[in-house]
Amino acid sequence: MLTPVTDADGAPFWQYAARGELRVQSCADCGEPRFPPRPCCPHCQSFATEWRQVSGRGRIWSYVVPHPPLLPDYAEQAPYNVIVVELTDSPRIRLVGNLVTEAGAALNSLSPDRVRIGARVQVVFTGTGLPQWILERP
């Protein structure tokens, strides 16, 4: 399975996720949240940053069910979903992940016909700190 590639700007995201915290990089000067992490604020051009914890709640903004799987290592789990989540407390931030039945569940643990744009979701974390999503009301 794929593992996240980290760089200096994004490393804190993964460190917090490994502790079960969803945080987004924000500008320490103007407060603008940004994702993906980067050194400079696109709003005010400041290099001052901080990592703010967010609720982990959001809604499915978009999704896809890859057929056939795009990567051979994922073939066993097909069909599975890949969702884009718009965060409730930072609506301009959208994160990619999988909708599953519980933290650490297989990518195909939820039938693709249960995925709906607009559905409310909550972040959960695998044992390795990879964010996944579950339905707020299953």
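The values are calculated or read from the model by the stated rules, or taken from the named source; none is laboratory data. Since the structure is predicted, the reported quantities are computational estimates derived from the model, not experimental observations. Please note: Cβ atoms are built from the backbone with ideal geometry, for glycine as well, and neighbour counts cover all protein chains shown. To get the accessible areas, we keep the full protein, side chains included, count just its heavy atoms, and leave off ligands, DNA and RNA. Shrake-Rupley method; radii C 1.70, N 1.55, O 1.52, S 1.80 Å.
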- Task: Among the residues of region 72-94, count how many are over 15 Å from A119 (Cβ atoms), open to solvent by less than 70 Å² (accessible area, probe 1.4 Å) and touching a residue at least 40 places away in the same chain (Cβ under 8 Å).
- Result: 3
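Just to check your reading of the model, which residue among P112, P69 is touching a helix residue (DSSP H, G or I) at 6+ places or on another chain (Cβ under 6 Å), open to solvent by less than 80 Å² (accessible area, probe 1.4 Å) and modelled with pLDDT under 95?
One residue alone meets the criteria, P69.
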- Query: Residues of region 95-109 being in a loop (DSSP other than H, G, I, E, B), within 26 Å of R34 (Cα to Cα) and open to solvent by less than 50 Å² (accessible area, probe 1.4 Å), which ones?
  - Reply: N98, V100
- Note on the structure: Note on V121: of the conditions (1) open to solvent by less than 30 Å² (accessible area, probe 1.4 Å); (2) more than 30 Å from G31 (Cβ to Cβ); (3) touching a residue at least 60 places away in the same chain (Cβ under 8 Å), unmet is (2)
- Restricting to region 2-28, what's the tally of residues that are open to solvent by less than 30 Å² (accessible area, probe 1.4 Å), closer than 26 Å to A106 by Cβ and not aliphatic (A, V, I, L, M)? 2
- Task: State the number of residues belonging to region 47-65 that are surrounded by 14 or more Cβ atoms within 10 Å (Cβ to Cβ), more than 18 Å from the chain's Cα centre (by Cα) and outside any strand (DSSP E or B).
- Result: 0
- Task: Filter region 36-45 down to the residues that are at pLDDT 95 or above and closer than 26 Å to L130 by Cβ, then identify the one that is surrounded by the most Cβ atoms within 10 Å (Cβ to Cβ).
- Result: P37
